[in-house]
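Visitor: Here it is: the structure, laid out below.
The values are calculated or read from the model by the stated rules, or taken from the named source; none is laboratory data. No experiment lies behind these values; they were computed from the predicted model shown. Note that we place each Cβ from the backbone using ideal geometry, even for glycine, and neighbour counts take in every protein chain shown. Quick note on the areas: whole protein, heavy atoms, side chains included, nothing else; ligands and nucleic acids left out. Shrake-Rupley method; radii C 1.70, N 1.55, O 1.52, S 1.80 Å.
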Amino acid sequence: MAPRGRRVTAAAALALALTLAGCASAPSSADRAGADGEVTVFAAASLRTAFDAIAEAFRTAHPEVTVHPIVYDGSSVLVTQLTEGAHADVLATADERTMQTAVDAGLASDPQPFATNTLVVAMPAGNPAGITTLSDLAAATAVLCAPEVPCGAATARLLESAGVTVTPASVEQNVTAVLQKVVEGEADAGIVYATDVRGEDVESFAPEGAEDIVSRYPIATLDGSSEAGAAFVAFVQGPEGQRLLADAGFGTS
């Protein structure tokens, strides 16, 4: 029969082993976030700068997760792709109306606002057409977002509230395409988000009434999303994600 001291030591060792086993079976939140190790994000085109930075910060915080290249486009285009069978774990749109389309289609649930944006008028460097007011667009070669995408819907509300009618030279399916035409001098002006003109070789101004047309951006995990998707959404809503959004010029939700 083993001495009493040895029996106590063996019991203690067994208790320690059980404790360690219990710890191993209860993964941290980071481990749970990387359960399947991958996340695919669909995001509105206007989020590119902010979400590229957020994705990089998320990779650093969650090295066990593979973050696939983010798919950027007009919000309504992204929702159409999802309804037609495209896969994503996370959807971030530039307005609540478009996100609701995804919710109504059974693709997403419980979307949460995470950022805001407003509109500006952008002109090529030097403003060769001399655009200084929203009403100047009525006689200008202007490029706008298509009305079915969030930037187009917000633009329509802005123009209507100002009593200005614009016949666009072209309409684009995302705000990036509008800005690109302005940068390249293919238009006298275009209406884009305030965040889009930051760091670009363009001139811009916030037209009267723009502060009343606030675009609220919601984010949601999608049906069948990985746990990494939920972690990405939490990161966007957390302190680091919100700081990076503010750095890119977005307002708080």
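Visitor: Compute the distance in nm between two label points, each set 7 Å from the Cα along the Cα-to-Cβ direction, one at Glu184 and one at Ala57.
Guide: The modelled label-to-label distance comes out at 3.3 nm.
Visitor: For the modelled label position 7 Å from the Cα of Glu208 along Cα-to-Cβ, which residues of region 155-199 have backbone nitrogen atoms closer than 11 Å?
Guide: Under 11 Å, as judged by backbone N against the label point of Glu208, lie 162-163 of region 155-199.
Visitor: Nearest 10 degrees, 0 to 90: what angle lies between the long axis of helix 48-61 and the longest principal axis of the chain (Cα atoms)?
Guide: Relative to the chain, helix 48-61 is tipped by roughly 10 degrees.
Visitor: Here is a follow-up. Find the accessible area per residue for the chain; the probe is 1.4 Å, ligands and nucleic acids are left out, and the unit is Å².
Guide: Values: 12010 Å² over 253 residues.
Value returned for the chain: 47 Å² of accessible area per residue.
Visitor: Shifting gears a bit: How much solvent-accessible surface does Ser215 expose, in Å² to the nearest 10, with a 1.4 Å probe and all protein chains in place?
Guide: Ignoring ligands and nucleic acids, Ser215 comes out at about 10 Å².
Visitor: Now a separate question. Using a basic spin-label model with each label point 7 Å from the Cα along Cα→Cβ, how many nm lie between Thr132 and Val71?
Guide: In this crude label model, Thr132 to Val71 measures out at 4.6 nm.
Visitor: Which of the chymotrypsin sites (Phe, Trp or Tyr not before Pro) found in region 57-146 are in a DSSP loop and have at most 16 neighbouring Cβ atoms, other than their own, within 10 Å?
Guide: In loop regions of region 57-146 (DSSP not H, G, I, E or B), there are no sparsely surrounded chymotrypsin sites (Phe, Trp or Tyr not before Pro).
Visitor: Let me ask you something else. In the chain, if the dipole is taken from +1 on Lys/Arg beta carbons and -1 on Asp/Glu beta carbons about the Cα centre, which of Val202, Ala57, Val149 is farthest to the positive end?
Guide: Value computed over the given set: Ala57.
Visitor: Let me ask something else about it. Using a probe of 1.4 angstrom, how much of the accessible area of the chain is carbon and sulfur, in percent?
Guide: The nonpolar share, carbon plus sulfur, comes to 52 percent.
Visitor: Can you work out the Karplus-derived ³J(HN,Hα) for every residue in region 122-132? Use 6.51 cos²θ - 1.76 cosθ + 1.60 with θ = phi - 60°, whole Hz, and x for glycine or proline.
Guide: Once rounded to whole Hz, the list reads 10, 10, x, 3, x, 6, x, 8, x, 6, 10.
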